[in-house]
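Reading through the structure tokens given below for one structure.
The values are calculated or read from the model by the stated rules, or taken from the named source; none is laboratory data. None of the values given here were measured: they were computed from a predicted structure. A quick note on method: Cβ atoms are made from the backbone with ideal geometry, for glycine too, and the neighbour counts reach across all protein chains shown. Ligands, DNA and RNA are stripped out before the accessible areas are found, and what is left, the full protein with its side chains, is counted by its heavy atoms. Shrake-Rupley method; radii C 1.70, N 1.55, O 1.52, S 1.80 Å.
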Amino acid sequence: MQTVLTKIALAASLAVALSACGTVGQDFTAPANVAGSDTFRHGASAADAAQLPKEWWSIYGDATLNRLEQSALQDNPGVKAAGERLLQALAQSGMARANQGPSVNVSTGISNSRTSANTSQGLALGNRSISGNNFSVGGTLSYEVDLLGRVKRMVEAADSQALAAQADRDGVLLMLSAQVASNYWQLRGLDAEMAILNGALDTRRESAQLVEARFNAGLTNELDLARAKVELSNAQADLHEVKRQRNQLENSLATLTGKPPSALQLPVAADPSALPLPPGIPVGLPASLLAHRPDLVSSVAGLRAANAQVGVAEGAFYPTLQLTGNFGYASEKLRDLAQGGSRQFSFGPLALSLPIFDGGRNQANLDLSKARYAEAVANHETKLLTALREVEDALSDVEQRQLQGDAQALSQAAAARAYLVARTRYERGISTYLDVTDAQRSSLAADRAAAQIKTQRLLATVAVARSLGAGWQPDGELAKLASAPSTVKSN
């Protein structure tokens, strides 16, 4: 027994010494930011990070939105599917890590056998057969010595894929929260338009009653009465269209929160001024996107996995060393199984396998791995440029929507004044009802445009938060990956 342990210790020492010789492939370092993107063109960059809270939607101070967001993150089926994909990736990583250690199996068995007396062996024994029971118990060991780190690179690739799945899961959460916020503010914007249209309907009913009274008194013509009825019907049709759009958004919110459409009914906000002013969102530097957007961190993790796969492909050119052994007891009689004479063991073979000729298969596989890594680098650069564009687009929207809102406020005030003047002139008989109709249309259009711009300003802030990664912060290995040195090493 001591001899067996000595041999195993010597083999283990040899394995450690051989595995320390080197590692195939090249160590990975994270890619750099895009050259020339030191600041964002729209909006001042005062800090390196956006500093949004983890529950970033809370910056709007809306209790209903907070409730919808929490419900979506808990019950949305897409979130559950992303979580299951992460569990799959973690299981794959665990399988790869298992290859780093030895495989030990314990077995036991019982058999009954009889040899033929008429075989050459039986004739040599004087036409006798051998029969009896065989009891056995023992264990086997198998271990691949990681000579040049091929198994280590396999584990690195699997771990990186798990990190990518984790970042992808977080990306799903971020996208979902942004969709909920966008749909919610669109719905509240339609509530504001509904309130405006209801007010316009009341005004048009009064106007129609006024025109009808003047027509009955012979003070106006039938054309003015028809125009008044047309404007009243148009306002009713517009109101039905807005309600249709609101129903669709309400159904969409129900789906995002993991509920059937009939299970979610949001009360209509009756006050057109219920839309809040968009909050200010601090914008960081472009370089911070690499660490604050889960899709970019996932892309970096994918790069790391592709780089490790190149090392795995290189490892196929080098020899593999497999160590096997077994130890146990075997006996014809069960009571003799534990006796020293029943002991059996074997050590080896210590199998060394070296590829000599494979028809170019290993070289083709290496070329394939390098091409996949180069493709991953190019795709990452595309994702980074897209991320920068999304931030610039969102910041431009915030800036221009504010200016648009200021201009629309002047138009809204002027249109309201024009309607009062037109109605006063009509009541005094100075002008026709056509002037009142035109002024009504202009005032209603200006009011609705103002509400729509307020909605778009809120949607622009949602886009800014989403494009900056909102309040997402990588943790654990993801944080290390996101803060790794920023240079790309080609293979």
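Local charge sum around A98 (other residues, Cβ-Cβ under 14 Å, Lys/Arg +1, Asp/Glu -1)?
-1
Could you look at segment 100-214 and say what percent of its accessible area is carbon and sulfur, using a 1.4 Å probe and all protein chains?
Solvent-exposed carbon and sulfur of segment 100-214 make up 50 percent of the total.
Between A378 and D271, what is the FRET efficiency for a Förster distance of 56 Å, r being their Cβ-Cβ separation, to the nearest 0.05?
For A378 and D271, the calculated efficiency is 0.65.
Which angle between 0 and 90 degrees, to the nearest 10, do you get for helix 294-315 versus the longest principal axis of the chain when only C-alpha atoms count?
For 294-315 against the chain, the angle is about 20 degrees.
If I ignore ligands, DNA and RNA and count only protein heavy atoms, how much of S262 is accessible to a 1.4 Å probe, in Å² to the nearest 10?
Approximately 100 Å² for this residue.
Which entries in K80/K480; K54/K480; K243/K454; K80/K152; K80/K243 show an alpha-carbon gap greater than 22 Å?
Result: K80/K480; K80/K152; K80/K243 exceed 22 Å.
If you fit an axis through the alpha-carbon atoms of helix 222-256 and take the longest principal axis of the Cα set of the chain, what angle between them do you get, 0 to 90°, nearest 10?
Taking the Cα atoms of the chain, the angle to 222-256 is about 20 degrees.
With θ set to phi - 60°, apply the Karplus curve 6.51 cos²θ - 1.76 cosθ + 1.60 along segment 81-97 and write out the HN-Hα couplings as whole Hz, x wherever there is a Gly or Pro.
5, 5, x, 5, 5, 5, 4, 5, 5, 5, 5, 4, 5, x, 5, 5, 5
Please list T29, T119 from largest to smallest accessible area, probe radius 1.4 Å, with all protein chains kept in place.
Correct descending sequence by accessible area is T119, T29.
Rounded if a/c is under 1.5, else prolate if a/b is larger than b/c, else oblate: which is segment 149-258, with a ≥ b ≥ c the root eigenvalues of its Cα gyration tensor?
Because a/c hits 1.5 or more and a/b exceeds b/c, segment 149-258 counts as prolate.
Would you kindly state how much longer the chain becomes between S120 and L201 on full extension, computed as 0.36 nm times their sequence separation minus their alpha carbon distance, in nm to one decimal?
Computed gain between S120 and L201 is 18.1 nm.
Sort D475, D224, D447, D75 by accessible area with a 1.4 Å probe, largest first.
D475, D75, D447, D224
What FRET efficiency would be calculated for the residue pair A213, A416, taking the C-beta separation as r and a Förster radius of 22 Å, to the nearest 0.05?
FRET efficiency, A213 to A416: 0.35.
If you roll a 1.4 Å probe over segment 338-380 with all protein chains in place, what percent of the accessible area is carbon or sulfur?
The C+S portion of the solvent-accessible surface of segment 338-380 is 56 percent.
Along the charge dipole of the chain, which of G199, S160, N362 sits closest to the positive end, that is, farthest toward it, with unit charges on the beta carbon of Lys, Arg, Asp and Glu (+1, +1, -1, -1)?
Value computed over the given set: N362.
Among T29, Q236, Q186, whose Cα projects farthest towards the positive end of the dipole of the chain, with charges put on the beta-carbon of Lys, Arg (+1) and Asp, Glu (-1)?
Among T29, Q236, Q186, the one farthest towards the positive end of the dipole of the chain is T29.
Once Cα extents along the principal axes in Å is worked out from the coordinates, which option in (i) 140, 53, 41; (ii) 165, 54, 44; (iii) 97, 64, 54 does it equal?
The value matching this structure is (i).
With an 8 Å cut-off on Cα pairs and a minimum separation of 6 or more residues, tell me the relative contact order of the chain in percent.
Relative contact order for the chain comes out at 28 percent.
With a 1.4 Å probe and every protein chain left in place, work out the accessible area per residue of the chain in Å², rounded to a whole number.
So the chain comes to 53 Å² accessible per residue, rounded to a whole number.
If you take the charge dipole of segment 353-477 about its Cα centre, with +1 on Lys and Arg Cβ and -1 on Asp and Glu Cβ, which of Y426, P474, S411 is farthest toward its positive end?
It is Y426, whose Cα lies furthest towards the positive end.
So for M175, M154, M95, M194, what's the accessible-area order with a 1.4 Å probe, most first?
Sorted descending by solvent-accessible area, the residues read M95, M175, M154, M194.
Nearest 10 degrees is fine. How inclined is helix 63-75 to the longest principal axis of the chain, computing both from alpha carbons?
The answer is roughly 30 degrees.
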